[in-house]
1. Would you please give the FRET efficiency between Q234 and N397, computed as 1/(1 + (r/R0)^6) with r the Cβ-Cβ distance and R0 = 51 Å, to the nearest 0.05?
2. Mind checking the stretch 215-297 for GluC sites (Glu not before Pro) that DSSP puts in a loop (not H, G, I, E or B) and that have at most 10 other Cβ atoms within 10 Å?
3. Report the net charge of residues surrounding A91, where surrounding means a beta-carbon distance below 10 angstrom and charges are Lys +1, Arg +1, Asp -1, Glu -1.
4. With no solvent and one point on each alpha carbon, what is the Debye value of log10 I(q)/I(0) for the stretch 281-409 at q = 0.14, 0.16 Å⁻¹?
5. Starting from the Cα-Cα distance between K355 and K253, subtract it from 0.36 nm times their residue separation and give me the gain in nm to one decimal.
6. E187 to E324: FRET efficiency via 1/(1 + (r/R0)^6), r the Cβ-Cβ distance, R0 35 Å, to the nearest 0.05?
7. Please compute the Kirkwood hydrodynamic radius over the stretch 210-365, one decimal place, Å, based on all pairs of different Cα atoms.
8. So if R0 is 35 Å, what FRET efficiency would R168 and Q78 give, r being the distance between their Cβ atoms, rounded to the nearest 0.05?
Amino acid sequence: MGLFRRLFAKSNDLAALRKAISQQRYADALLVAEELYDTELSDEEHNEVQTLAATAGDTLAKINLEEGLFLVHDNQHQRATDHLQLAQQQAVSTEIKKAIDDALSNIDTPQPVSASPSNFNASACNSCSSCGPQEDQDASAIDEGDHPDFDSQLELTLVSYPKELADRYLKKSPAFLQAFMLAHQGEDRQALEHLGKLPISEQDDLFDFELGSLMARHGHEAKACNAMRSCLKQNPDHLLAAETLVLLLVGMKKNDQALELVLQMLLEERDAAFCHAQLATLYHIQQDDELALSHCLQAIDAGHDDPRVILLGATLLERNNQLEQAEALYAKIPGGGGCSGGPNLYLAEFLLRQKRELRRILDAFNNACRQEPDNPRWQLRVAQTYLARGWKKKGINLLQTVVSDPRLSDELREEGQALLSQQS
């Protein structure tokens, strides 16, 4: 299980999904999304989970596609096939799926020798000084015979980290890296044992972050907060620690402390996009939507591209009847179009509410029905679009079928039944 799936499984999994995406922890995001699909979600929340899961799936698919292509060039066809088939399972967008299919169909075609993709240079070179044996290494920490596999796993784990942090992890001692990997493999007890054996010189901000994450996963929230604060004291720009601390404080109902933390970071001129995004979420939790919208827009202007923040800003603008601005933000959310160039599903639902571009959005909803045949949400949207276009008989027949589907959420069922009652 991934770090953030394990860390916040007992609290707000939707918040954990949002943070995992913003922190580029895509494997963790997919695990959280899978769990969320089995819970009761509002209409807006379900759509958000789908979009974020698609972002995570496509990103991981690209990583496995690159690794597969590297292995093809290295004539390791079976391992390449494994990575490409995994990419097939993860991919959502049509373009990525086609690239994977092309790679699989050409896997036995002789390939010219070429340089490995930059993301995998370290795993392709087993003589890297940061991965070589060191004299003070714990003999039980890393088996040299397993070195290539360990290096590969480490590289793949760090792909989802911000580059500056990933580079620092690669320079840590083998003993620290073993503890780090144990934590990401769910071996928390062993990870704690390895961290406890590290000398004072190793107990930097990265140490505090990993220790704090382990404490949080086992329900020791106060100790986890102390570790995250220690991490930030050593490195005030450790945004992963700041985000995790905010999550912990919100989970402990200490929203005022979370606000104080982020406002102080903003005063200290830390990452502006990060600070405004955090403030937008915190003010939205406090139902202060005016401040939430203000910070959403400031975060986006500062370059924040988290789909959750964009969606929140678009939703609040729509509630304020600022429809032109809302539409522009809905259009920014990734996940739409494909080869057809159609709108993403958030934008399509917005246009449906406005009864605009009905022919265009009908294509988007029909495509969603094909991609997710077990999700009646999109059949409901098709039925609503039929009625909006004046196709009453066709719309009512589909609507009657959809509202009887046990898989439809209560919120959507009420929406469909209300529309049905208007047709009589």
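What follows draws every value from the coordinates through simple rules; no lab data is involved. Since we're looking at a predicted model, the values are computed, not measured. Counting neighbours? That spans all protein chains shown, and the Cβs are built from the backbone with ideal geometry, glycine included.
1. 0.20
2. Passing both the DSSP loop test and the Cβ count: E268, E269.
3. Neighbourhood net charge equals 0.
4. -0.70, -0.86
5. Length gained between K355 and K253: 32.7 nm.
6. Here the calculated transfer efficiency is 0.10.
7. So the Kirkwood estimate lands at 17.1 Å.
8. The computed FRET efficiency comes out at 0.55.
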